[in-house]
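Before any comments, here is the structure.
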Amino acid sequence: VFGSRHVGLRPNTPTPNAMAARSFRQRLVDLAGEHEALQEAFADLQAECGDLRAHVASASELGKECRDLKASIADLQAECGELRARAVSTSELETECRDLRARIAGLPAAGPADGPTGRSLLGRGCLASPSLEADCSGLVAFAGMCLQGQRASPLRGRSRSRSPCGRGVPADDDEVIDLVTDDELQGEGEEEAGAIQAPHIASAAPAVKYEVAIPTHGRWRPVSDMSGKACFRDSTQPFILAHTLTFLDTQGIPKGLVTLFVADQMEAENYRRALQGSDWAGVRIVVSVLGNLNNRNFIFAYFKPWTYVVSID
């Protein structure tokens with residue numbers, strides 16, 4: 001057209017609006033890719049965090065296990081120390097036992113009235129015995145008796161009484177007492193010769209602490225009701241006093257070492273009543289359980305470990 005002005009455009013040239021639209025889509029594509037990358041990184045971090053949590057939990061368990069192991073090591077060290085001490089004690093006992101065996105081996109053989117010889121008492125298993133301490137205690141007592149070189153009267157410096165029931169039993173008030181002197185003991189035969197070899201009398205070994213346990217049931221009754229001996233026919237003494245407790249008195253056993261073990265509280269009251277007025281009125285009485293086997297087990301558990309206990313009926 002004459003007078004107008006024409007502007008020529010290149011083909012396929014984008015307009016400004018088209019360029020803006022294409023730039024926005026590209027940005028969305030880039031953001032989507034970045035989002036996926038972030039999600040993958042987040043998943044990796046979550047997995048790593050789980051591994052760290054498991055490692056921390058494992059470390060806590062290891063710490064507890066470590067503390068338990070330290071405590072176990074301390075206990076083992078203490079036990080090891082005790083075993084070392086016992087091993088030293090056992091070694092000393094073995095040495096003492098060997099020395100005493102050698103000394104007894106050189107002693108002359110004993111006659112029938114002198115009781116067992118050193119070899120017959122020891123046997124072959126002294127050192128191999130699991131109860132080495134008990135074996136050597138008996139050995140020490142016997143060796144002291146043999147090496148003492150003389151026999152002491154079991155009642156030296158004391159007087160005994162003869163009763164119709166045998167020597168050494170205290171007579172009742174209405175019985176005639178025949179005192180026996182040390183000189184008379186020398187001619188009383190093999191029975192007396194064996195009696196004066198009692199280890200607690202003849203031994204020169206050092207004394208050890210011990211307890212005397214008497215499991216008893218129903219022996220608070222009068223001896224005349226429980227014994228057929230003529231000498232006890234009219235006696236009103238409790239059976240236990242006429243026999244066991246009198247025997248302990250004769251042997252000079254301190255009353256504070258003696259404990260009676262009875263089945264129940266009624267038995268304890270009967271024994272306490274029966275012993276009133278006697279020298280044994282204050283003897284210790286412990287309520288145990290009924291039955292010989294159960295009573296013996298009770299006595300075993302009653303005393304402290306490693307206590308020497310002499311059980312006597």
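The values are calculated or read from the model by the stated rules, or taken from the named source; none is laboratory data. Not measured: the values here are computed from a predicted model. Neighbour counts run over all protein chains shown; Cβ positions are idealised from the backbone, glycine included. Remember, those area values only see protein heavy atoms, side chains included, never the ligands or the DNA or RNA. Shrake-Rupley method; radii C 1.70, N 1.55, O 1.52, S 1.80 Å.
Scoring Ser227 on the criteria (1) surrounded by 13 or more Cβ atoms within 10 Å (Cβ to Cβ); (2) in contact (Cβ under 8 Å) with a residue 24 or more places away in the chain leaves a single failure, condition (2). If the condition is being open to solvent by 30 Å² or more (accessible area, probe 1.4 Å) and in contact with a His (Cβ under 9 Å, 6 or more places away or on another chain), then segment 258-290 contributes only Leu290.
Residues are listed down the side, and each one gets a yes or a no for (1) within 11 Å of Ile214 (Cβ to Cβ); (2) among the hydrophobic types (A, V, I, L, M, F, W, C):
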position: Phe247; (1), (2): yes, yes
position: Lys255; (1), (2): no, no
position: Leu260; (1), (2): yes, yes
position: Met266; (1), (2): no, yes
position: Gly282; (1), (2): no, no
position: Gly291; (1), (2): no, no
position: Tyr302; (1), (2): no, no
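Of all residues in segment 207-220, those that are surrounded by fewer than 20 Cβ atoms within 10 Å (Cβ to Cβ) and either hydroxyl-bearing (Ser, Thr, Tyr) or at pLDDT below 85 (or both) total 2.
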